[in-house]
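The values are calculated or read from the model by the stated rules, or taken from the named source; none is laboratory data. All figures in this text were calculated on a predicted structure; none of them were measured in a lab. In this analysis, Cβ positions are derived from the backbone assuming ideal geometry, glycine residues included, and neighbour counts consider all displayed protein chains.
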Amino acid sequence: MRDAAPTTIYLRDYEPFGYVVDEVKLTFDLHPTATRVTSRIAFRPNPDAKDRRFFLHGEELKLIRARIDGTEVSPDVTDEGLTCPAPDAPFVWEAEVEISPQTNTALEGLYMSNGMYSTQCEAEGFRKITYYPDRPDVMSVFTVEIKGDLPVLLSNGNPVTREDGRAVWHDPWPKPAYLFALVAGELVAHSDSFTTISGKDVALNLWVRPGDEHKCAFGMEALKKSMKWDEDVYGREYDLDVFNIVAVDDFNMGAMENKGLNIFNSSAVLASPETSTDDNFERIEAIIAHEYFHNWTGNRITCRDWFQLCLKEGLTVFRDAQFTSDVRSEPVKRIRDVIDLRARQFPEDNGPLSHPVRPESFQEINNFYTATVYEKGAEVIGMLKRLVGDQAYAEALDLYFARHDGEACTIEDWLKVFEDVTDRDLSQFKRWYSQAGTPRVTVSEDWADGTYTLSFKQTLKPSATTPAPQPQVIPIAVGLLGPNGDEVLETQLLELTEAEQSFSFDGLAAKPVPSVLRGFSAPVILERQTDNAERAFLLAHDTDPTNRWEAGRALARDTLTKMATEGAAPDADYLDGVRAVLRDDTLDPAYRALMLSQPGQSDLAGSLAEAGITPDPMAIWTASETLKQALAQHVQDALPRLYAQMQVDAPYAPDAEQSGKRALGNAVLSLLSCLDGGEEAAKQYANADNMTLQLAALSCLLSEGKGEAELAAFYEQWQDDRLVIDKWFGLQVMKASPEKAVGVAETLTRHPDFNWKNPNRFRATIGALAMNHAGFHASGGAGYMLLADWLIQLDPVNPQTTARMCSAFQTWTRYDEDRQALIRAQLTRIAETPKLSRDTTEMVTRILSAKP
Ligand code: B3K
Ligand code: ZN
């Protein structure tokens, strides 16, 4: 257990390490409770460093012996590492330590999962393996010898030797320790190969537990597609003889980009039509691409320090989004990203966990793998690309790779390549990296003598990390529509740089309707005085798919707000608009499915709070249900035909076309269920031959308060498939009515399959409760109590997963005083738990700092 005394680390304190590491040799003698790790590390004084103190990180290690140049030394050892007098000349450090993978439940460092050895080192897990300068700016070449009585022994780089009970790996590319990986176990490979653009053959393996072989084909295809795409689009070629991916059941996140040996949560790589939904397939494809793309953006060019995390994560998320747009549908991907940003990043940016894309301080870096660093970080790159144009973006990226290959870089280095290529001064743009919070852009318009003027005002709420916000560069893509719906001005990019700024358009015959922030060109909250008639007009005519969808969203938000706060009836403009879209067979089914989806209840609570209205979760839930029912009735004529039209005859394929049809078919089924009480859904359930149809049907039944028999049958059918059973846990909690959700979750925690130490199962049950907005916030606070109980129980076992899940409480000050008091009491109870981890302590302290 770590000492919870909080130490804050600051970006401004960065100092290079006193030594350069020329070479690392590691030997692992594997044993579940007593693995021996021997290290032999060649150090030399770093000419760029002032501080020559020889400090090596190390946690939870039993030091057996240490030598410098062959002579035994007695370092000064603390809980965090060791210091030792060291020569002011090149020397060799050798150490032998003992660690216990079996008892490592935190899933950081070397640990065991279902009998196999696995590692997770990012961000600071390598220090739980051996003593080392565990910081990303220390890069070195690693040779790893693994001894163990297991058939598969893997590490980074290329294989050198493989004999009974022993394997040696060599990674020629200098890397920081966070990219180190080791896997050992009884695994089987799904193998393939890829020939790179310059003709080099790369052996590809996806390693899984016996029994999972049939779930590998899709992931392998996704990998090959990613390798090809990165060559074609970014000119990036793979650089080792092998690329290994391993699926692990116990993993704190989605996946990890270790050099040449990516380790994946099995949920993020294993897929089959019977067990995975179309959404699962798409997510897996994106994660495989993401981790693969890190090979250049992250591994070949890494981060100087953890404050620069967005340098690799924002860029790699941006690249994986480009990939998904290319291989699937660009508008659908963009809209999904906007939905996700509003659901996860906006609440973070505007609450107590708010931090800049490049934070300036932290206590536990694992708490900063956030939607802000990742998703807003990607948005910032999207804005930069829009501002400089595609050509300059491509040139800047070529320069970035050429100039910084093999280096550990900063955001300054990143922006400099753009400045050098474009001659633009990006100092104002850089505020996107240093100012926290979501800018609010208010638009007003003026029409006089054939001139149309749009005036913009940008504001950013001061926050703890950004007390005095300055105007940012905000790219706003705008188009104008004439009264008959024709586009009179094609998309133009306006660059907002001042707090207030106007742009005029001449030569127009009539006052146009503006389509502002096309393609969601900046991660901002846009405000404009408008009415539902105009929103309906844009929903019918906008040529920009994102804004067309946005017009429907705005109508939905408006009607839900009025329904939840004033008891209004569903708005006719919304109902008619959606009906028109639904009937428009020229529109992509996937796009129409998105049009049918409502804003999330938590998002709505957020917008109400922003508007100064205290959200009532139950009223929001009722409004959502009522609107769905009203919509079902309003479009009922169209439903049977559309449902039939969306049935796929061809053999199952998780491609964009088929999954779009299934998405719309299932959205229609959910409306039909409101009308027929689930009759059609029960049929779909009975006939389903893939998980997308089966799960959607079950979900519709549960929404109708039915499906008990199907739920039991589902369990019977899938009880041996842990990933499907995660769905079974999650769906019941998410679909439970507000009164029942906590009870359902609580009952499931007593199910024999509730293995709370497995992060996937924990998230599927406890995490799902926080996603059931009205259920979690049901009055009385039982949801808050259940979550807090489990966070307190999990913290000593797995601080990372615990800390991450604390964010369920981040929006607490939005709600009424009773709920605030109940949540505060639970947060305080967590905070006061003896020996609480550093991870969770930091999270609850920050969340509690919010001012109601
Ligand atoms: N880089 C890893 C995330 C590591 C998280 C450490 N707490 C996966 C990714 O972003 O690709
Ligand atoms: Zn990443």
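Before moving on, here are some points about what is shown:
- Close pairs from the stretch 15-29: first surrounded by fewer than 18 Cβ atoms within 10 Å (Cβ to Cβ), partner of a type in the set (S, T, Y), Cβ under 9 Å, at least 6 apart: D22/S140; E23/S140; E23/T143; T27/T38; T27/S39; D29/T35; D29/T38
- Checking each residue in the stretch 371-392 for being within 24 Å of the chain's Cα centre (by Cα) and more than 16 Å from ligand 2 (Cβ to nearest atom) picks out G382, M383, L384, K385, R386.
- If you check I847, I792 for being within 30 Å of I9 (Cβ to Cβ) and either touching a strand residue (DSSP E or B) at 6+ places or on another chain (Cβ under 6 Å) or crowded, with 24+ Cβ neighbours inside 10 Å (or both), only one passes: I847.
- Identity of the residue in the stretch 309-339, within 15 Å of ligand 2 (Cβ to nearest atom) and of a type in the set (D, E), that ends up nearest to Y369 (Cα to Cα): E313
- Conditions (1) in a loop (DSSP other than H, G, I, E, B); (2) among the polar types (S, T, N, Q); (3) surrounded by fewer than 20 Cβ atoms within 10 Å (Cβ to Cβ); number of the one not met by S191: (1)
- Filter result for V208 (crowded, with 23+ Cβ neighbours inside 10 Å, modelled with pLDDT of 95 or more and under 17 Å from Y117 (Cα atoms)): yes
- Residue match in the stretch 160-169 (condition: crowded, with 21+ Cβ neighbours inside 10 Å and in contact (Cβ under 8 Å) with a residue 40 or more places away in the chain): no
- Scanning the stretch 260-297 for residues that are out of contact with any Leu (no Cβ under 8 Å at 6 or more places or on another chain), within 14 Å of ligand 1 (Cβ to nearest atom) and assigned to a loop (DSSP other than H, G, I, E, B) yields H294, N295, W296.
- Among all residues of the stretch 785-792, there is none that is of a type outside the set (A, V, I, L, M, F, W, C), away from ligand 2 (no atom under 16 Å from the Cβ) and touching a residue at least 12 places away in the same chain (Cβ under 8 Å).
- Residue satisfying condition, being aromatic (F, W, Y) and away from ligand 2 (no atom under 16 Å from the Cβ), within set F368, F362, F293: F362
- Residue match in the stretch 247-254 (condition: in a helix (DSSP H, G or I) and crowded, with 21+ Cβ neighbours inside 10 Å): no
- Checking each residue in the stretch 497-520 for being among the aliphatic types (A, V, I, L, M) and within 29 Å of the chain's Cα centre (by Cα) picks out V516, L517.
- Given (1) of a type outside the set (G, A, S); (2) more than 10 Å from ligand 1 (Cβ to nearest atom); (3) over 25 Å from E364 (Cβ atoms); (4) buried (at least 23 other Cβ atoms within 10 Å of the Cβ), index of the condition T302 fails: (3)
- Of residues in the stretch 318-338 being among the aliphatic types (A, V, I, L, M) and within 19 Å of the chain's Cα centre (by Cα), the one surrounded by the fewest Cβ atoms within 10 Å (Cβ to Cβ): V338
- Only one entry in V317, V357 is under 19 Å from L384 (Cα atoms), in a loop (DSSP other than H, G, I, E, B) and within 16 Å of ligand 1 (Cβ to nearest atom), namely V357.
- Taking (1) surrounded by fewer than 20 Cβ atoms within 10 Å (Cβ to Cβ); (2) closer than 22 Å to K562 by Cα; (3) not basic (K, R) in turn, P651 satisfies each apart from (2).
- A247 vs. criteria of a type in the set (A, V, I, L, M), touching a residue at least 24 places away in the same chain (Cβ under 8 Å) and either away from ligand 2 (no atom under 16 Å from the Cβ) or within 18 Å of E221 (Cα to Cα) (or both): yes
- Reported count of residues in the stretch 648-681, each being in a loop (DSSP other than H, G, I, E, B) and either polar (S, T, N, Q) or at positive phi (or both), is 2.
- Residues of the stretch 529-545 classified as surrounded by fewer than 23 Cβ atoms within 10 Å (Cβ to Cβ) and outside any loop (DSSP other than H, G, I, E, B), total: 8
- Residues of the stretch 399-412 satisfying the condition of being surrounded by 15 or more Cβ atoms within 10 Å (Cβ to Cβ) and either of a type in the set (F, W, Y) or on the phi > 0 side of the Ramachandran plot (or both): Y400, F401
- Leading residue by the ranking (surrounded by the fewest Cβ atoms within 10 Å (Cβ to Cβ)) among those in the stretch 413-437 that are of a type in the set (K, R) and farther than 19 Å from Q345 by Cβ: R424
- Subset of the stretch 76-91 [buried (at least 16 other Cβ atoms within 10 Å of the Cβ) and touching a residue at least 40 places away in the same chain (Cβ under 8 Å)]: G81, L82, A86, F91
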